[in-house]
1. Need the C-alpha centroid separation for the range 382-420 versus the range 472-502, integer Å.
2. Express the Stokes-Einstein translational diffusion coefficient of the range 364-503 in µm² s⁻¹, to the nearest whole number, given a Kirkwood radius over alpha-carbon pairs, 20 °C and a viscosity of 1.002 mPa s.
3. I want to check the label-to-label distance for GLU341 and GLU450. Put each point 7 Å from Cα in the C-beta direction and report it in nm to one decimal.
4. With +1 assigned to the C-beta of every Lys and Arg and -1 to the C-beta of every Asp and Glu, and no other charges, what is the dipole magnitude of the range 364-503 about the Cα centre in debye, to the nearest 20?
5. Using 0.36 nm times the number of residues separating ARG433 and SER499, minus their current alpha carbon distance, what extension gain do you get?
6. Which one, TRP393, SER426, LEU405, projects farthest toward the positive side of the charge dipole computed for the range 364-503 from Cβ point charges (K/R +1, D/E -1)?
7. Could you derive backbone 3J(HN,Hα) for the range 17-33 from the dihedral phi with the Karplus parameters 6.51, -1.76 and 1.60 (θ = phi - 60°), listing whole Hz in sequence and x where the residue is Gly or Pro?
8. Work out the FRET efficiency for GLN72 and ALA32 from their Cβ-Cβ distance, taking R0 = 30 Å, and round it to the nearest 0.05.
Amino acid sequence: MAPMDALAELFATNRVIVLSVYGQVFFVLGLAIALQSLKRSALALARPLPWLAAFGIVHGFHEWGYLFVPIQSGYLPLAATEALLVLQLLMKGVSFALLLQFGVELLAVTTRLPILGRLRLLPAAALLAWGGATLVVSASVAGFEPDPSPWLQEGRIDAALAGVGAPLAVGDVLARWLLGIPGAVLAAWGLVRSAAAVGPLARPPVGIGLRVAAGAFAVYALVGGLVGMPAPFPPAELLNAAVVRDALGIPIEVLRSATGLVIAMAIIVALDLFEQETDRALADARRRELLARERERIGRDLHDGIIQSIYAAGLHLEEARATLEPAAEGPRGRIGTVLTELDRITGDIRRTIFDLRSASLETLDAEEIVRSVADELRANTLVALDLRVEGSWIPSLRADQAEELRQIVHEAFSNVLRHADARHVSVRLACSRRRLTLEIRDDGVGFDMEAAEEQGRTGRAQGLANLRRRAELLRAAIDLRSAPGQGTALSLTMPVAASRRPR
């Protein structure tokens, strides 16, 4: 027996193992990604990965169908077996559409091409086009019987294949051409760009894993996309799974399994990126906790030590001024000047304490962010503050959203504290299913908006510019209104995820 014939017989004898491994490789790929918690990740790669997980799981079940359907055909009516074969074909199309969706989503977050963001419906459209093309082409080649080799020859699978042979062969080839090849190519391109983007952020194995996965997807575009079942139209007549098996003595499923194994291992290595992100987040949280404690200690020392000492010195000066003769206008005036300066210094220190304690806030709760900064304002000033929380939804903020919101609230309250000379501040916080609205109004002296905007453009005053930049980072709409003598009103509306407030 020739070596190639012996190799072909070996694979034919162990076809159950080949098909089992093929399905298991892709199922493990999907399961590994699905078990990785990606919801709270700030990395761009986290958003497209669930599509790859769905592809792996659905494609794994599809490949196991080559084992399951023939076995069941021995127990089911012929019509039921034919329905299972059609269902298996649909799973093939859906799995490749999921791969295409992964490629589109991955490129959308790793490139700056605006058109990619508008192509997110392309996979769904391509899936519908595949279904229509399969029906049309199958009708033109009715009676064609597919190569039965992908299925185990058990039960009554031959009779079922004869009944739905044309759609199976045509659907397989068109699914690979219309969905599989574009999906694998876009996935490879997106993974290369992802490797370049995360290179400075991750340890070397992550970048290597992404590049290896990209190369494996490029190979998969050939073995899993270009080579399909024999079909009665070119180029599937000349290049198909049967031709490859006869030429190499190796079933195409073996090559696909090997490629899928490389993809799975490379992606699993790359998933360490999210473990690294978690480690960095924990280290950063620890650092922020230590910094917050230090800020709290400094603020406490300023309040309990320096402010009290200044206050005591002021009392002594008041007492000294009271003992001076009425005629000593010069010394009394100088003491009054010193007392005024001490009051100013005390106010500056109180504002510093407000800044330190507000900056130490670490929370993802929007209401707590606003309330905590407001409490610091109350504690360090005589401003009356009214806070209202409205709505039946609770916003769920990401860490970056919480930080930007805290900075906006802090900037707004700092402006009230430093410049507004206000007696009353009203704060309204409202949340709907997708929007969070924050309104801050004061009855202070107000300011000239045009003059303030001009100062911001010339770099002399950055408060308004900072507010607008932070609003842009939140993809929020911000409206700021003020006029001399009419106070200031700030309104911020930002997109958020939200959950129902418990009743």
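Just so you know, all these numbers are worked out from the coordinates, no wet-lab data involved. Here the structure is a predicted model, which means the values were calculated and not measured. We place every Cβ from the backbone using ideal geometry, glycine too, and count neighbours over all the protein chains shown.
1. About 9 Å separates the Cα centre of the range 382-420 from the one of the range 472-502.
2. Answer from the Stokes-Einstein relation: 139 µm²/s.
3. 4.0
4. 600
5. Between ARG433 and SER499, full extension yields 23.0 nm more.
6. Of TRP393, SER426, LEU405, it is TRP393.
7. 5, 4, 5, 5, 5, 4, x, 5, 4, 6, 5, 5, 4, x, 5, 4, 6
8. Efficiency, rounded to the nearest 0.05: 0.55.
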